[in-house]
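To start, the structure itself, in structure tokens.
The values are calculated or read from the model by the stated rules, or taken from the named source; none is laboratory data. Just so it is clear, the model here is predicted, and its values are computed rather than measured. For neighbour counting, all protein chains shown are included, and Cβ atoms are generated from backbone atoms with ideal geometry for every residue, glycine included.
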Amino acid sequence: MRLAGLCFVMGVLCGLLTAARPQLLYFSLLLVPCCRHWRALAWPCLSLAIGCAWALWAVARAERELLPTVREDQAVVIGARVTGFPMPADDGVVLELGDAQERGARGAFLPTQMRVSWRAAPSAPRLGDWCELHVRLRRPHGLANPGGRDTERAALVRHLGAVGYVIAHPGNRCAHIATRRDLSGLRAWLSRAIARAVVNTEAVGALKALAVDDRSALSDADWLVMRRTGTAHLLAISGLQITLAAGSCFAVCRWLLGLLWAWRQDYLVLRAAWIASALCAWAYTLVAGAGVPSVRAAVMVACAALAALRGRRAVSWDTWLASLTALVLWDPLCLLGAGLWLSFGAVAVLVMLAGHRERRSPLRLAWRTHLVMAIALMPLTALLFGEVPWCAPLANLIAVPWSNIFVVPLVLLGMLCAAWAPMAAALLWDCAARLWAPLQALLTWMAQAPPWTLHHDVGLVGALLWSVGLALLALPRVLPGRWLGAVLLGVALLPRERPLADGEFRVLQLDVGQGLAVLVRTRQHALLYDTGPRWFDGGDAGESVVVPALRALGVARLDDVVVSHADLDHAGGAESLLKLWPVARVFSSEAVATLRHTVTTPCIAPTRWHYDGVDFEVLHPHADEHNAPRNDSSCVLRVSGPHGRLLLAGDIELGAEHALLARQAQALAAEILSVPHHGSSSSSSEAFVRAVQPRLALIAAGRHNRYHLPQAEVVARYESAGARVMNSAGLGAISVEVLANGMHVESYRASHWGWWQQRPP
């Protein structure tokens, strides 16, 4: 039975990963009868086939939940319920909507789950409100870059069928219809009660997150501290919190029943306590919004309780596998989420340690468990997030007991007392906030140390080699083969790119949406041209795109950063990039607001420098052109080597193009061109295109951008000149290698495409 469950889960995973080509898996199953011992393989293979079929059915259902492509960017009027706490943005809110219905339309399909941004909302919506909104929707579409987050896969795991924004209209309105009798109204009421009760406003966000999974009061700085210390799981209602609530309920019920009936050791008391703990876990899960992490933890508690009721060990491999199988039956797509692997990886470590009994003191046993879990989860953490906080074991050793012993119980007791004793609840929450404050101060101090960063993309194979290597090194000294672990660790950390020779260079135009960021690497140096935009819903491309890409590509430091001009779609990520990554020199052609605290070098022609056989030269602007319009003041940079040339043109328009043609038309010739101004018709004149004569024209534009870039006539102009036009909006990051044996071009979406992503053109 254990083998059948494991094969079923593996079949679901194989079906999800090969959904685009399921015939390969079924063809391999047809070869089973050809095996000599095919009868012994019958049941495992049948379980594998059922799992694969279950996964393919889930894939078909998920594709039906997505917004049809033909309905993208249509203005529609919808009625929907706010299903998540509204998250604040720069000048508005981001809403999660469910049960959406289109007004005045019959038979028109809309996804049941969607996320929209609402600028300048007239009133603050609440959880549980019913809203009528004029919106424009599109299918979830994320940026595709090395080391970047797969937004489309994350949206699929959350069953998010559409994203969009609210159009300014007098008919947009929300009605407060939720009451304390339904879960949404209860969660919103508890969140407001905590905000009123807590005096320390810095701890409000943490308490609301621990009580009802309301993260709207947590700032980006709070999340940075938690991420740098590896303690972000403390603010996510998942295994720790659900298990603590269930365990406390188990202990209290067993004690009370023992007092009432004096059968403390009787099996009926134990059964009642296990049932009460499972019910408590599910009650906490529902109050927390029934998110995927909390449901996952509640399923584990329920399976453990069921095993205990049947007279078996609660913590065992059978319970672990039963929990995983139940989750996969409930939602097969959960296997694509990173949180599931972290949770079940941690529980697997606990099961292994529980099976290896040793006579040690509880304190030493807890320390050993904590240390082994930190080391065991390190490869998976590095694979998923690209970095491992070195202080995470110490931070968790302090934060987990402090939070679970003092803070979380007070929060839960306050929730129980809120309805019938509000003063007692307020006192409990205020005490929890006072206890959280010193922990938060300690974590903030520990977060000042930068994490240990992987300087190249490990990949799935590398993470597997790393895990096996650590497991071999952890073997007892008397066993042979421990030296092989060090070898596997070294192989896993080897870079996967071929080193460059003198005169060769690599160009990577990152996918930053409506903006620009281009990385140029020679043999030992790296230059970044522009830093991408800043976004409405918080954050910028410097932190979210550029830094993960540098980490994945193994760029330890940037020798130069060139900010072409001050527009936020080119300079919006500069401030966070300079905070997070070492940079030797910064060029700028004009004063940039995000660089007001940074010493910059004027980007004025004819500035030149030389790296590893590759020449870098500023062609524009000259010192006498400082009064040009902002776009025309963009820094134009030429990168030339013996095997090819690259021209980075920023946002120059016709005026700057004419000036360049008049001054140095011959210097504009280049095989690779970063198309000026994202392909706008105000740039790329016919004379400029003829002077450059590019073989490859790279366009950096956002998908479905409001400026409708690139313009069709501009694309036709480059194609008629013999250039291959590539747009990062559909292709993701575009990589070009200028090598001695020729020019090699590759798009990130083409090389890393999954069925959950829109197929690249």
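Taking only region 683-695 into account, find how many residues are part of a helix (DSSP H, G or I) and either touching a helix residue (DSSP H, G or I) at 6+ places or on another chain (Cβ under 8 Å) or of a type in the set (Ser, Thr, Tyr) (or both).
6
Pairs, please: C-beta under 9 Å, at least 6 apart or cross-chain, first residue on the phi > 0 side of the Ramachandran plot and in region 294-321, second hydroxyl-bearing (Ser, Thr, Tyr)?
Final answer for the pair search is Gly311/Tyr267.
Report the residue count in region 637-682 for those that are surrounded by fewer than 24 Cβ atoms within 10 Å (Cβ to Cβ) and part of a loop (DSSP other than H, G, I, E, B).
9
Is it fair to say Leu619 is touching a Leu at 6+ places or on another chain (Cβ under 6 Å) and not charged (D, E, K, R)?
It is false that Leu619 is touching a Leu at 6+ places or on another chain (Cβ under 6 Å) and not charged (D, E, K, R).
Could you say which residue among Arg551, Arg498 is at pLDDT below 90, in a helix (DSSP H, G or I), of a type in the set (D, E, K, R) and not assigned by TED's automatic domain parsing to the domain that holds Gly148?
Step by step, each of Arg551, Arg498 is checked, and only Arg551 is at pLDDT below 90, in a helix (DSSP H, G or I), of a type in the set (D, E, K, R) and not assigned by TED's automatic domain parsing to the domain that holds Gly148.
The rows are residues; the columns are (1) of a type in the set (Gly, Ala, Ser); (2) touching a Cys at 6+ places or on another chain (Cβ under 8 Å).
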| position | (1), (2) |
| --- | --- |
| Asn172 | no, yes |
| Ile177 | no, no |
| Asp182 | no, no |
| Arg196 | no, no |
| Gly205 | yes, no |
| Ser219 | yes, no |
| Ala251 | yes, no |
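Among the residues of region 606-629, what is the count of those that are at pLDDT 90 or above and surrounded by 19 or more Cβ atoms within 10 Å (Cβ to Cβ)?
Number satisfying all stated conditions: 7.
Identify, please: which residue in region 124-141 is of a type in the set (Lys, Arg) and part of a loop (DSSP other than H, G, I, E, B) and is, among those, farthest from Leu66 (Cα to Cα)?
Going through the qualifying residues, I end up with Arg126.
I'm trying to understand the selection: among the residues of region 153-169, which are in a helix (DSSP H, G or I) and either closer than 15 Å to Asp99 by Cα or basic (Lys, Arg) (or both)?
Arg153
Quick one: which helices (runs of 4 or more DSSP H) lie wholly within region 200-282 and hold at least 1 residues that are modelled with pLDDT under 85?
220-229, 239-261
Looking at region 694-726 only, could you name the residues that are among the basic types (Lys, Arg) and surrounded by 15 or more Cβ atoms within 10 Å (Cβ to Cβ)?
Across region 694-726, the qualifying residues are Arg695, Arg703, Arg717.
Any idea how many residues of region 140-199 are within 28 Å of Trp130 (Cβ to Cβ) and of a type in the set (D, E, K, R)?
Residues in region 140-199 being within 28 Å of Trp130 (Cβ to Cβ) and of a type in the set (D, E, K, R): 8 in total.
Checking the structure you have, find out if any residue of region 184-195 is assigned to a loop (DSSP other than H, G, I, E, B), in contact with a Leu (Cβ under 9 Å, 6 or more places away or on another chain) and free of Cβ contacts under 8 Å to residues at least 60 places away in the same chain.
Checked against the condition, which is being assigned to a loop (DSSP other than H, G, I, E, B), in contact with a Leu (Cβ under 9 Å, 6 or more places away or on another chain) and free of Cβ contacts under 8 Å to residues at least 60 places away in the same chain, region 184-195 yields no hits at all.
Mind listing whichever residues of region 80-127 are crowded, with 18+ Cβ neighbours inside 10 Å and among the aromatic types (Phe, Trp, Tyr)?
Phe85, Trp118
Report every pair of residues separated by at least 6 positions or lying on different chains whose Cβ atoms are under 7 Å apart, first residue within region 428-451 and free of Cβ contacts under 8 Å to residues at least 24 places away in the same chain, second aliphatic (A, V, I, L, M).
That search, which allows pairs on different chains as well, returns Leu428/Leu410; Leu428/Leu413; Cys431/Leu410.
Being at pLDDT 95 or above, more than 27 Å from the chain's Cα centre (by Cα), of a type in the set (D, E, K, R) and in a loop (DSSP other than H, G, I, E, B), is that true of even one residue in region 477-490?
no
Please identify the pairs in which a residue from region 52-64 that is in the same structural domain as Cys7 (by TED's automatic domain parsing) has its Cβ atom under 9 Å from the Cβ atom of a residue that is among the β-branched types (Val, Ile, Thr) and buried (at least 20 other Cβ atoms within 10 Å of the Cβ), counting only partners at least 6 apart or on another chain.
Taking only residues 6 or more apart or on different chains, the pairs are Cys52/Val12; Trp54/Val12; Trp54/Val328; Ala55/Val12; Ala55/Val328; Ala58/Val12.
Can you name the number of the only condition in (1) among the hydrophobic types (A, V, I, L, M, F, W, C); (2) crowded, with 19+ Cβ neighbours inside 10 Å; (3) closer than 19 Å to Val212 by Cα; (4) more than 27 Å from the chain's Cα centre (by Cα) that Leu257 fails?
(3)
Being at pLDDT below 90 and not small (Gly, Ala, Ser): is that true of Leu435 here?
When the stated conditions are applied, Leu435 does not pass them.
Quick one: Asp220 ticks every box in (1) closer than 21 Å to Val408 by Cβ; (2) of a type in the set (D, E, K, R); (3) in contact (Cβ under 8 Å) with a residue 40 or more places away in the chain bar one, so which box is it?
With (1) closer than 21 Å to Val408 by Cβ; (2) of a type in the set (D, E, K, R); (3) in contact (Cβ under 8 Å) with a residue 40 or more places away in the chain applied to Asp220, the lone miss is (1).
Could you check region 703-761 for strands (runs of 3 or more DSSP E) lying wholly inside it with 1 or more residues that are in contact with a Ser or Thr (Cβ under 7 Å, 6 or more places away or on another chain) and touching a residue at least 60 places away in the same chain (Cβ under 8 Å)?
Once the strands (runs of 3 or more DSSP E) in region 703-761 are filtered for at least 1 residues that are in contact with a Ser or Thr (Cβ under 7 Å, 6 or more places away or on another chain) and touching a residue at least 60 places away in the same chain (Cβ under 8 Å), what remains is 734-739.
Output the residue which, of all residues in region 140-159 that are surrounded by 21 or more Cβ atoms within 10 Å (Cβ to Cβ) and touching a strand residue (DSSP E or B) at 6+ places or on another chain (Cβ under 8 Å), is farthest from Thr112 (Cα to Cα).
Looking at residues that are surrounded by 21 or more Cβ atoms within 10 Å (Cβ to Cβ) and touching a strand residue (DSSP E or B) at 6+ places or on another chain (Cβ under 8 Å), I get Pro146.
Please go through region 584-603 and give me each residue that is surrounded by 17 or more Cβ atoms within 10 Å (Cβ to Cβ), at pLDDT 90 or above and either in contact with a Gly (Cβ under 7 Å, 6 or more places away or on another chain) or aliphatic (A, V, I, L, M) (or both), ordered by number.
The one that is surrounded by 17 or more Cβ atoms within 10 Å (Cβ to Cβ), at pLDDT 90 or above and either in contact with a Gly (Cβ under 7 Å, 6 or more places away or on another chain) or aliphatic (A, V, I, L, M) (or both): Val586.
Just to confirm my filter: which helices (runs of 4 or more DSSP H) fall fully inside region 293-392 and include at least 3 residues that are at pLDDT 85 or above and buried (at least 17 other Cβ atoms within 10 Å of the Cβ)?
In region 293-392, 317-330 are the helices (runs of 4 or more DSSP H) which contain 3 or more residues that are at pLDDT 85 or above and buried (at least 17 other Cβ atoms within 10 Å of the Cβ).
Name the one entry in Leu183, Leu207 that is outside the structural domain of Pro293 (by TED's automatic domain parsing), surrounded by fewer than 21 Cβ atoms within 10 Å (Cβ to Cβ) and closer than 25 Å to His233 by Cβ.
The unique qualifying residue is Leu183.
Pull up region 73-102, narrow it to residues that are more than 16 Å from His159 (Cβ to Cβ) and among the β-branched types (Val, Ile, Thr), then point me to the one that is nearest to the chain's Cα centre (by Cα).
My answer is Val94.
All but one of (1) more than 23 Å from Val561 (Cα to Cα); (2) in contact with a Pro (Cβ under 9 Å, 6 or more places away or on another chain) hold for Leu647; state the number of the condition that does not hold.
Condition not satisfied by Leu647: (1).
Condition check ((1) in contact with a Cys (Cβ under 6 Å, 6 or more places away or on another chain); (2) modelled with pLDDT under 95; (3) among the acidic types (Asp, Glu); (4) under 20 Å from Ala723 (Cα atoms)) across all residues:
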position	(1), (2), (3), (4)
Asp632	no, yes, yes, no
Ala665	no, yes, no, yes
Ala670	no, no, no, yes
Leu696	no, no, no, yes
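May I ask you to list the residues in region 163-192 that are β-branched (Val, Ile, Thr) and touching a His at 6+ places or on another chain (Cβ under 9 Å)?
Val163, Val166, Ile167
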